[in-house]
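What follows is a short report on a single structure.
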Amino acid sequence: MKRVLSLLLVLVMALSLAACGQNDGKQSGNNASSDGSASVSNQGTIQSTGTEATQGFEFPADLPPKKVGAVGIYTGNELYVQWKENLSSLGEKFNIEFQFVEPSGSEEYTGAIENLCTAGVDGIITQAISEAFIQAAANFDVPVMGYCTTLSQEQMDACAKFDNFVGLVTEDDTVAAEHAAESMYAAGCRNVAIAGLTKGMSEMMDNRADYFAAKFKDLGGNIIAEDYSMMGFADSISSFAAAYPEMDGIFSVILNESVFQAVTTEGLVGQVKLGGFDMSDSCDDFFENGTLVFACTGQQATIVTAFAPLYNYMYDGSYLIPDRSQMVSRAFVEIHNSQECQDYNDYVRFSTCYSPEEIGFMVKAFNPDYTFEDYQAMHQAFSIADVMSRTVQ
C-alpha cells in the first residue's frame, strides 16, 4: 500500500506543478538549452540581494564539505530549471556538492532516496515528501527537507514523528486564493466559473478552488459553474463559454498556455476577467489587455529558503523549525497589472531572490540571534516590493 501511495504522490506532484513557470521549455534562441529544456541564464535582470546586515555577513572559514541530494523535477520548463540553478547557487559558499535526481515513472522516489543515502549524502531536499520517503532516509540517519508541496495535518503529524524530518516550506495557496477572489470581485466580476484539478488528487489544488469559491461568495459573488478534470482546463473554459453567457470571470487553479488559448479561441478576451495561479508566457499580454487581473508565482525561491533548515540540522543537529508538524507558509508573489508584471520580470523572475549570505544568516550556528520568528516573517514578507528593496544596485 505504501508503494502505491508513494507513486500516487509523485503523480499528483507532477500534475500540480505541470504548469508552474513560464515557457514550458518551448523557447527559442539563447533561451533554450540543447536538450530542449528551459535555460534562465543571462535573461532579465539578475542581481544579488541582501539587507544591510546580511551584506556584511561572512561565512566561517573552512566549512566542512557536504553532499546534498535534491530529488524532484529539474528539467523541462523555466521553474524546474530555476530550482536547480537557484539551489546550485548556494554550493560554493556553503561548500556543498549537490546531486540532482529526477525519478522517472519506473523509479520510485523511495528508491532514489535510498540510492542517494547509500552514496553518502549528508542531507536530502525533495519536492514530493511522505512518511515512506522519510523512513527510507531515516534508515541511514539522513535529514530530509520538503518544499513546494502541501500535506494534510495527518500527513504532517506522521512526518514529524521522524527525527530526520526537518520541515516543509510551501506557498500559502489559501491566502492567495482569497486574494484572487478579492481582485476579481474588485474588477467587476460577479458570475465566475472555476476550472480546477480533479478533486482529491491534490490538497494544494483543492485549496485553491475551495478558498477562492468561499471568499468570492462571501463578497457577494456567484460561482455559476465548476469543472474539475485532469488538466483539462481548455475544455472546461469551452464548456463554460457555451453554457453560461452571463459569465464575467474565470478562475483557473493553473494558468497554463491552454487557458489563454481557450479564452482567445472562445472570443472571451475583453469579455471576461481572468485570475489564477502560476505564470505562463501569455500573462504579459493578458495583463496588458486587461483580461488578466490576478496571477501569483514566485515558487522558484522556495527551494533556496528551504535549504536553511536542512543546513542547520546538517551542521549541528539543530532544528530551525521547532514544530515540524506544521508547514511553514510562504507568501506568493502576487501580480495584478502590467506594471507589476514588468517588475516581476525585471527583479524576480530570473533572480534567486535570496543570496547565499542571506541564507547563511539563517543558520543559527553562524547567527545565534536568528529565530524561527525571523524565518516566518521573511517568508510572509516575500513580494515584488520585498525583492526590489533587497536588490543590490
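The values are calculated or read from the model by the stated rules, or taken from the named source; none is laboratory data. Every value quoted in this text rests on a predicted model; they were computed, and no experiment measured them. Neighbour counts are summed over all protein chains in view; Cβ atoms, including those assigned to glycine, are modelled from backbone coordinates with ideal geometry. To get the accessible areas, we keep the full protein, side chains included, count just its heavy atoms, and leave off ligands, DNA and RNA. Shrake-Rupley method; radii C 1.70, N 1.55, O 1.52, S 1.80 Å.
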In debye to the nearest 20, the charge dipole size for the stretch 175-286, taken about the Cα centre with +1 at each Lys and Arg Cβ and -1 at each Asp and Glu Cβ, equals 300
Place a point 7 Å from the Cα of Gln342 in the direction of its beta carbon; the residues of the stretch 373-393 whose amide N falls under 17 Å from it are 384-385, 388
Distance in nm between Met388 and Lys217 label points, each 7 Å along Cα→Cβ, equals 3.7
A correct Karplus calculation of ³J(HN,Hα) over the stretch 89-104, with 6.51 cos²θ - 1.76 cosθ + 1.60, θ = phi - 60°, whole Hz and x for Gly and Pro, returns 5, 8, x, 5, 5, 8, 6, 10, 9, 8, 10, 9, 10, 10, x, 8
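How large is the direction-averaged shadow of the alpha-carbon convex hull of the chain, in nm²? Mind showing how you got there, number by number?
On the way: hull surface 75.9 nm².
Average projection, Cα convex hull of the chain: 19.0 nm².
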Filtered hits (aspartates and glutamates, Cα-Cα < 12 Å from Lys215, offset >= 8 within chain) -> Glu178, Glu182
The chain accessible area per residue, 1.4 Å probe, protein heavy atoms, integer Å², reads 39
Expressed in nanometres to one decimal, the distance between label points 7 Å along Cα→Cβ at Thr118 and Asn367 is 3.9
So Ser88 and Asp316, fully extended at 0.36 nm per residue minus their Cα-Cα distance, gain in nm 79.9 nm
Mean Cβ-within-10 Å packing, highest first, puts peptides 77-83, 235-241, 349-355 in the order 77-83, 349-355, 235-241
Long-range amide H partners of Val363, meaning residues 5 or more apart or on another chain whose placed amide H is closer than 5 Å, are none
